[in-house]
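Notes to accompany the following structure.
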Amino acid sequence: MKKRWSIFLSMLLLASMVLAACAGGGDDNADGGDGGSDVPQELKVNINTEPPSLNPGLAEDSTSGTVLRNVLEGLTRIGQDDKPAAAMAEDWEISEDQKTYTFNIREDAQWSNGDPVIAEDFEYAWKWALDPANQSTYAYQLYYVEGAEAANTGEGSLDDVGVKAVDEKTLEVTLANPTPYFLELTAFYTYLPVNSKIAKENPDWATDAGENYTTNGPFHLAEWSHSDQITLEKSDTYWDKDAVKLDKIEMYMINDPNTELSMFDNGELDWAGSPTGALPTDAMQALKDDGRLETQAIAGVYNYKFNTTVEPLDNANIRKALTHAINRESIINNITQGEQLPAMAIVPPTMFQENEEGYFPDNDVETAKEFLNKGLEELGLSDASELPEIKLSYNTSEAHQKIAQAVQDMWSENLGINVTLDNAEWNVFLDSVNSGDFQIARMGWLGDFNDAMNFLEMYKDADGGNNNTGWEDPEFQKLLEQSQTETDAEKRQQMLKDAEAIFMDAMPVAPIYFYTNNWVKDENLKDVFVSGLGDVQYKWAHFE
Amino acid sequence: MTKYIGKRLLYMIISLWLIVTATFFLMRIAPGNPFASEKKLPPEIEANLQAHYGLDQPWYQQYFDYLINVVTWDFGPSFKYKSQTVNDLITEGFPVSFVLGFQAILIAVAFGVLFGVIAALRQNKWQDYSTMAVAVLGISVPSFIMATFLQYFLAIKLQIFPVARWESFMHTILPAIALAAGPMAYIARLTRSSMIEVLANDYIKTAKAKGLSGGVITVKHAMRNALLPVVTYLGPLTAGVLTGSFVIEKIFGIPGLGFHFVTSITNRDYTVIMGVTVFYSILLLLAILLVDIAYGIIDPRIKLAGKKGE
């Protein structure tokens, strides 16, 4: 009967609130700041969804990445200065030609069940991911290792992959090319080790928390209640455990930005928003006005890709006209509202600092008109209205739709070019973009590792999987290839910049903005580290 | 009776087969595939995945494999959630959705009938007007608005309930109310109108003339007949609550099955789509059967055996 009563009471309350609703003001100062002297070191965050897999070889998404980065540790770990630092590997030697890395694994590196972390654990994990029988969709992240691509595509043997446990604590890695950012990669989740002793015996070791899920990182996996909650606890066997302050992290799976913010306001979460969750866009302005919103640039770019194989987008001047006539500032201020950076370049400023300015001014209508006239002349047309129909495609989402409508308006106002909008469900959209059945399509790209190569490589070949634009350029290709073997960091950087310049001159893609992460957090929570790629680490986090 | 139920079960199997077939073909006609993502896979790896999951087989082979999966009740692994099989998803998610749905139906029926009866007994008085005003609100406010509204006032402002999640009994109340509001209002209106109709019948007047108390007349004589439309509504209500729980589960962060029912389609998670659809279909077909049987028990005038199967 108690239950009935509480329901009845709440119904009464509800009824009275229907009448009182109009009087409800917008003051929410019921913040749950504890601020006591004896602060419990327990963090509550939202990770949005169930991580699809906590096996590093099968993980392919940021949610799984977030959990993995905090429970496992690779040869290197991205440190608080955003540079790879020694982690499982105490130190390493790099050969003269920069193709062979010899990692020395820490003597005191242990799994949470007491097993030592050995070189074999890395060799096993990498080869497992590369084995075509294991369906690892992210195995291509390992293609930098010699023989990896051949083994993964079934053309070579796993025995020829350039990773070898020389002895218990020495791992020798041979690369296909000198890869200046290889130590960045060894911190990425596909490169994480697996307790080979357990994994060999039990192929399903990663499906649940328990004694089979051993970890070697700052935290261990205490509980995994699928689609509901993951609990991490501080690991006693971690080599750097003195640096770890949090005792417990509760990760909830709330897939609704409004609920996430409400829970934060109610003290049920210590962090709301990126990189693990999301904030409702309509709350951004209010949070900014309160001074609570924190913003950090991340390596990612929101693009409009042109299909350069169809008319009239095969004309570079038309593409340039369209790109110059976009008012990015206005899109950011009125639609996305997350302090994003207008993008007039393709490589994020977190990699190329000078790209904060970009290659051309934002909203440059005059230049756009010049390009348009040039383009029309080349096409033998006298007026923009004679251009063939242009269709702008995007996948279903309120933000994408609003941006597309704004751009449609800018193009028609500034250039007199009429564009139709085409909205499709995510999978349908991907299908048409990947088969080249589009004219202009929205696409985003988030960096996997902190190097400009990650943002240029996909445009190397016209038929490359992520190019979509049908554009390629021999000069661009040559520069990228040279950069692969260039061992001098500065020269290499210059080559990539030159390549970007070629790309921006042909403009197969109209960059719109560089992504940012926006969040609110408990004011006593310190030292949660979010890298330039937007990856979060709780290793150093603590409450004051 | 047994003959009737046997016949109904046979029809259920046929309906199920039609549902499985339609789902299978619609699912495969839809563009896209489970491995599509913003970062495209190398073609060799995609081909390898297709082969692993049997997607490279001819369609009839895949179709028969699916039929066998349904019969053996083994839907295989989820494409997206690699640590779980479809059976895991159902056994973990359904109990949660069931508790949520059951509470919601309980609230909807209990309060709906109560309000409906009060409104009918006090027809055209303030009790009638106020309960029906609330009912109109309940029908016209969508459940997700109701949910945010409840969260804002009862959880954030008054601090009575937690905002979201599914841990204790207190956590279950807000989502159950949000899910129940619409059906409750509908039941209230349904009860009111049929109650008014029944109250005007001669046998009620006879009961009154015999000097029976108002309570006995209402409960024993009037309500029994007035509830028939409500029982009829229970079938579609179960369907609505089960499939409609997606929005509520999302807003309150509840690890139920409704979430997979919807997201599996956007993910093109073929095995989950099939498993969850078949599971829900069986449940709904059973619910309809139960409602039909309950019908005969409440009103003996309805002869099940003589009724034609739908």
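The values are calculated or read from the model by the stated rules, or taken from the named source; none is laboratory data. Owing to the predicted nature of the structure, the values given are computational and were not obtained by experimental measurement. Cβ coordinates were reconstructed from backbone atoms using ideal geometry, including for glycine residues, and neighbour counts include every protein chain displayed. We work out accessible area using only protein heavy atoms, side chains counted, and drop any ligands, DNA or RNA first. Shrake-Rupley method; radii C 1.70, N 1.55, O 1.52, S 1.80 Å.
Details
- Proximity of backbone amide H atoms, modeled 1.01 Å from N, is registered between A:VAL163 and A:THR174 at under 5 Å, excluding neighbours fewer than 5 places apart on the same chain.
- Dipole of the protein assembly as shown computed with +1 at Lys/Arg Cβ and -1 at Asp/Glu Cβ about the Cα centre; of A:ALA489, B:VAL117, A:PHE438, farthest Cα towards the positive end is B:VAL117.
- Amide H contacts for A:THR516 (H built 1.01 Å from N in the peptide plane; partners 5 or more residues away or on another chain; cut-off under 5 Å): A:ILE298.
- Model label sites at A:SER157 and B:ALA294, defined 7 Å from Cα along the beta-carbon direction, differ in position by 6.7 nm.
- Hypothetical label at B:ILE5: residues of the range B:266-299 whose amide nitrogen lies under 14 Å (7 Å Cα-Cβ projection): B:286-287, B:289-297
- Residues in the range A:475-492 carry Karplus couplings, in order, of 5, 4, 4, 5, 4, 5, 5, 4, 5, 5, 9, 6, 9, 7, 4, 5, 4, 5 Hz; the curve used is 6.51 cos²θ - 1.76 cosθ + 1.60 with θ = phi - 60°, and Gly or Pro positions show x.
- Whole-percent carbon and sulfur share, accessible surface of the range B:185-263, 1.4 Å: 64 percent
- Between B:VAL262 and B:ILE160, the contour length at 0.36 nm per residue exceeds the alpha carbon distance by 33.6 nm.
- The separation of the range A:211-270 from the range A:486-502, counted between C-alpha centres, amounts to 41 Å.
- Neighbour net charge for B:LEU257 - beta-carbon separation under 10 angstrom, K R +1, D E -1: -2
- The accessible-area loss of the range B:58-93 on complex formation, taken against its chain alone with a 1.4 Å probe, reaches 50 Å² or more at B:TYR81, B:LYS82, B:SER83.
- Residues of the range B:249-279 buried by at least 50 Å² on assembly (accessible area, 1.4 Å probe, chain alone as reference): B:LYS250, B:PRO255
- Ratio of Rg to Rh for the range A:439-540: 1.07 [Cα atoms; Kirkwood radius as inverse mean 1/r over pairs].
- Using a simple spin-label model with pseudo-atoms 7 Å out from Cα toward Cβ, A:THR281 and B:THR232 lie 4.6 nm apart.
- Across all C-alpha atoms in chain B, the radius of gyration and Dmax reach 23.8, 86 Å.
- Probe 1.4 Å - accessible area at A:LYS44, Å² to nearest ten: 60 Å²
- Averaging the sequence gap over all C-alpha pairs within less than 8 Å and six or more residues apart, then dividing by the number of residues, gives chain A a relative contact order of 18 percent.
- Per-pair calculated FRET efficiency, R0 = 22 Å: A:ALA85 and A:GLU481 via Cβ, rounded to 0.05: 0.15
- Solvent exposure of chain B, expressed per residue, is 47 Å² of accessible area, with all protein chains present and a 1.4 angstrom probe.
- Solvent-accessible area buried by pairing A with B, both sides, nearest 100 square angstrom, 1.4 angstrom probe: 5400 Å²
- Using C-alpha pairs below 8 Å separated by at least 6 residues, the relative contact order for chain B is 26 percent.
- Distance between the range B:15-49 and the range A:393-421 - C-alpha centres, whole angstrom: 30 Å
- Applied to the range B:38-53, the Karplus parametrisation 6.51 cos²θ - 1.76 cosθ + 1.60 on θ = phi - 60° returns per-residue 3J(HN,Hα) values of 4, 9, 6, 7, x, x, 5, 5, 5, 4, 4, 5, 4, 5, 4, 8 Hz, with x for Gly and Pro.
- The H on the amide N of A:LYS44, modeled in the peptide plane, is under 5 Å from the matching H of A:GLU250, A:ASP270, each at least 5 residues off or on a different chain.
- Our helix-only sum for chain A, with -39,500 (n - 2.57) per DSSP H run of n ≥ 4 divided by its residues, gives a mean residue ellipticity at 222 nm of -9000 deg cm²/dmol.
- Per-residue packing, averaged as other Cβ atoms within 10 Å, sorts the ranges B:98-107, A:146-155 into the order B:98-107, A:146-155, beginning with the highest.
- Net +/- balance of residues flanking A:THR190 in space, Cβ distance below 10 Å, scoring K and R +1, D and E -1: -2
- Computed E for B:TRP73/A:LYS200 - FRET, C-beta separation, R0 41 angstrom, nearest 0.05: 0.85
- With Cα atoms, 0 to 90° folded angle of helix B:270-298 axis to chain B main axis: 20 degrees
- Of all DSSP-defined beta bridges confined to chain A, some 80% are antiparallel rather than parallel.
- Theoretical FRET efficiency, 1/(1+(r/R0)^6), r = Cβ-Cβ of B:ARG301 and A:SER412, R0 60 Å, to 0.05: 0.30
- Inter-chain Cβ neighbour average for residues A:43-52, partner chain, 10 Å: 3
- Simple rule: put +1 on each Lys or Arg Cβ and -1 on each Asp or Glu Cβ in chain A, find the dipole, and look at A:TRP224, A:TRP205, A:ALA85; the Cα lying farthest toward the positive end is A:TRP224.
- Averaged over the residues of peptide B:140-150, the number of Cβ atoms from other protein chains lying within 10 Å of each residue's Cβ is 2.
- Evaluated with a Cβ-only charge set (Lys, Arg +1; Asp, Glu -1), chain B carries a dipole of roughly 1440 debye about its Cα centre, given to the nearest 20.
- The range B:80-97 - phi-based ³J(HN,Hα) in whole Hz, Karplus 6.51/-1.76/1.60, Gly and Pro as x: 8, 8, 6, 8, 10, 8, 4, 4, 4, 4, 5, 5, 7, x, 5, x, 5, 4
- Under 14 Å from the A:ASN434 label point (7 Å along Cα→beta-carbon), backbone N, the range A:129-158: A:137-138
- If you take the Cα centroid of the range A:295-329 and the Cα centroid of the range A:346-378, the two points sit 9 Å apart.
- Value in Å of the Kirkwood radius, where chain A supplies the Cα pairs that are averaged: 25.6 Å
- In a simple Cβ point-charge model (Lys, Arg +1; Asp, Glu -1; nothing else charged), the protein assembly as shown has a dipole of about 7180 debye relative to its Cα centre.
- Note on A:ASP463 and A:ALA176: their simple-model spin labels are 1.7 nm apart, each label 7 Å out from Cα toward Cβ.
- The residue list A:VAL301, A:ASN333, A:VAL365 was ranked by how far each Cα lies along the charge dipole of the range A:276-370 toward its positive end, using unit charges on Cβ atoms, and A:VAL301 comes out on top.
- Here the Debye sum runs over all C-alpha atoms of the range A:334-472 as equal scatterers in vacuum, and log10 of I(q)/I(0) at q = 0.11, 0.16 Å⁻¹ comes out as -0.51, -1.15.
- Accessible surface, the range A:275-412, averaged per residue in Å² (probe 1.4 Å): 42 Å²
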